[in-house]
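Take a look at the structure set out below.
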Amino acid sequence: MANLIDGKRIAAEINAETAGAVAELGCRHGVQPGLAVVLVGQNPASQVYVNMKAKRTLELGMYSEKHELPADTGQTELLALIDKLNCDPKIHGILVQSPPPPQIDERQVVLAIDPGKDVDCFHPFNVGKMLIGDQDGFFPCTPYGVMVLMQRCGIDPSGRHAVIAGRSNIVGKPMMALLMQKAAGANATVTVCHSRTPDIREHCLRADILVAAIGKPEFIGGDMVKPGAVVIDVGINRIEDAAAKRGYRLVGDVAFEQVEKKASWITPVPGGVGPMTIAMLLQNTLKACRASCSPD
Ligand code: NAD
């Protein structure tokens, strides 16, 4: 039976470390890290995410600003707000919740954010820095969270074969970049599978570390996992469940009950990768604030 990678516990550890560092920054430099979250429209899932981020920001002693704009907000208006936040010394991180309404060009929005405040690491400048192994930029929150989960569980990817299912810009591609880096806690040999990969099962079966990020409920079955593999489930999928209070329950991209019998380590859903994403977002905000402080 696999060991459980307890993302809830590890995220709580990271958050406590962030809160300690925030308090110290206040004492030593008199600054408070600030995060602005921007939501355009009333997408209920996005509202939940934005509220969770703002709440956690405050809990860790940071300054939080929430900008909720109407669904018909134009591109110019949104870019003007980003410009204002770019210039605001209270704000060290800016996050525009995805997906925006169709009239908004998300690419232009990403490009408008000051790379020094791009705590989601979506700006091409930071994506490029991550790829070349420059530690000065940011790492995207979810894959960064996966790396930290493994590190805190004593799992070293060095020399191991990591297989990633999914190639999105948010998860799959940066996961590849982080795992393959010539750096402590990385140095894996990486295979990336996607919707056009024939026979994904064959690839998964060769994985020492398998990262599932495809958005398909319980896609990775026990027959796709090598005995002893580390299995990281990034997927968050709602499936109908009449017995559940809300009428649905959350499952990952991995069939947990089958796979936990074969894996050496496994993340649960919920409580695995999910809690790490906000924890790493606030670590990035802290990093942005530190970079803006002049040295002693
Ligand atoms: P996405 O839809 O942007 O990308 C999915 C990827 O999976 C694509 O690259 C596609 O090529 C690949 N894919 C689809 N079907 C496939 C198949 N049959 N075989 C192989 N590859 C296939 O999704 P995303 O944004 O990367 O998110 C993936 C999952 O992770 C979703 O369930 C999402 O909710 C979850 N997610 C969780 C967090 C978190 O904080 N835990 C953060 C981001 C995303």
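The values are calculated or read from the model by the stated rules, or taken from the named source; none is laboratory data. Predicted model only: the values in this text are computed from it and were never measured. Counting neighbours? That spans all protein chains shown, and the Cβs are built from the backbone with ideal geometry, glycine included. Heavy atoms of the whole protein, side chains included, go into the accessibility calculation; ligands, DNA and RNA do not. Shrake-Rupley method; radii C 1.70, N 1.55, O 1.52, S 1.80 Å.
Can you divide the C-alpha Rg of segment 122-180 by 2.2 N^0.38 Å and report the result to two decimal places?
1.09
Estimate the FRET efficiency between LEU4 and ASP223 by the formula 1/(1 + (r/R0)^6), using the beta-carbon distance for r and 35 Å for R0, to the nearest 0.05.
Approximately 0.95, to the nearest 0.05.
How large is the charge dipole for the chain, taken about the Cα centre, if only the Cβ atoms of Lys, Arg (+1) and Asp, Glu (-1) carry charge, to the nearest 20 debye?
Roughly 440 debye, rounded to the nearest 20.
Which of the lysines could a cross-linker span from LYS117 if the Cα-Cα distance has to be under 21 Å and same-chain partners fewer than 8 positions apart are dropped?
Those lysines meeting the cut-off are LYS53, LYS55, LYS66, LYS84, LYS90, LYS129, LYS287.
Kindly report the accessible area of segment 151-196 per residue (heavy atoms of protein chains, probe 1.4 Å, no ligands, DNA or RNA), in Å².
Accessible surface, normalised per residue, equals 51 Å².
Could you work out the local net charge near ARG167, counting Lys and Arg as +1, Asp and Glu as -1, over the other residues with Cβ closer than 15 Å to its Cβ?
Once positives and negatives cancel, what remains is +2.
Quick check: net charge around VAL251, other residues with Cβ under 15 Å of its Cβ, Lys/Arg +1 and Asp/Glu -1?
Local charge sum for VAL251: -3.
If a paramagnetic tag sat 7 Å from the Cα of ARG201 along the Cα-Cβ line, which residues of segment 227-246 would have the backbone N under 16 Å from that point?
227
Quick check: with the 1.4 Å probe, what order do THR76, THR189, THR57 take by accessible area, largest first?
THR76, THR189, THR57
ILE209: net charge of surrounding residues, Cβ under 14 Å, Lys/Arg +1, Asp/Glu -1, itself excluded?
+1
Return the equivalent ellipsoid semi-axes of segment 1-99 as a descending list in whole Å, where each equals the square root of 5 times an eigenvalue of the C-alpha gyration tensor.
28, 22, 9
Near the amide H of CYS193, under 5 Å away, which other amide H atoms are found, from residues 5 or more places off or on another chain, if H is placed in the peptide plane?
ILE164, ALA165, GLY166
Got a sec? What order do ARG56, ARG246 fall in by accessible area at 1.4 Å, biggest, i.e. largest, first?
Putting ARG56, ARG246 in descending order of accessible area: ARG246, ARG56.
Largest first and in whole Å, give the semi-axes of segment 72-151's equivalent ellipsoid, each being the square root of 5 times a Cα gyration tensor eigenvalue.
25, 14, 11
Take the solvent-accessible surface of the protein heavy atoms, probe 1.4 Å, and return the percent of it on the chain that carbon and sulfur atoms account for.
The C+S portion of the solvent-accessible surface of the chain is 54 percent.
If R0 is 25 Å, what FRET efficiency do you get for ILE132 and HIS194 from their C-beta distance, rounded to 0.05?
In this case the efficiency is close to 0.60.
Kindly provide the trypsin sites (Lys or Arg not before Pro) of segment 195-226 that DSSP labels as loop, not H, G, I, E or B, and whose Cβ sees at most 11 other Cβ atoms within 10 Å.
ARG196
Using a simple spin-label model with points 7 Å from Cα along the Cα→Cβ vector, what separation in nm is obtained for GLU17 and GLN32?
Roughly 2.5 nm, to one decimal.
In segment 148-296, what percentage of the DSSP-assigned beta bridges are antiparallel, given to the nearest 5?
So the antiparallel bridges amount to about 20 percent of the total.
Give me a comma-separated list of calculated 3J(HN,Hα) values for segment 96-111, in order, Karplus coefficients 6.51, -1.76, 1.60 applied at θ = phi - 60°, integers in Hz, x for any Gly or Pro.
With coefficients 6.51, -1.76 and 1.60, one gets 9, 5, 9, x, x, x, x, 6, 9, 8, 4, 5, 5, 5, 4, 5 Hz.
Within 10 Å of each candidate Cβ there may be at most 16 other Cβ atoms; applying that plus a DSSP loop requirement, which trypsin sites (Lys or Arg not before Pro) in segment 76-142 survive?
Loop-located and lightly packed - LYS90.
With every protein chain left in place, what is the accessible area per residue of segment 1-149 in square angstrom, probe 1.4 Å?
Roughly 47 Å² per residue, with all protein chains present.
Per 0.36 nm of contour for each residue apart, how much would the distance between LYS182 and LYS90 grow if the chain were fully extended, relative to their Cα-Cα spacing?
So the chain would gain 29.6 nm between LYS182 and LYS90.
Do you know the relative contact order of the chain, to the nearest whole percent, from alpha carbon pairs under 8 angstrom that are 6+ apart?
Relative contact order of the chain: 21 percent.
Give the distance, in whole Å, between the Cα centre of segment 145-201 and the Cα centre of segment 216-293.
14 Å
How high is the FRET efficiency from SER264 to PHE125, r the C-beta distance, R0 41 Å, rounded to 0.05?
0.65
Considering just Cα atoms, how many Å³ per residue does the convex hull of the chain enclose?
Cα convex hull per residue, to the nearest whole number: 138 Å³.
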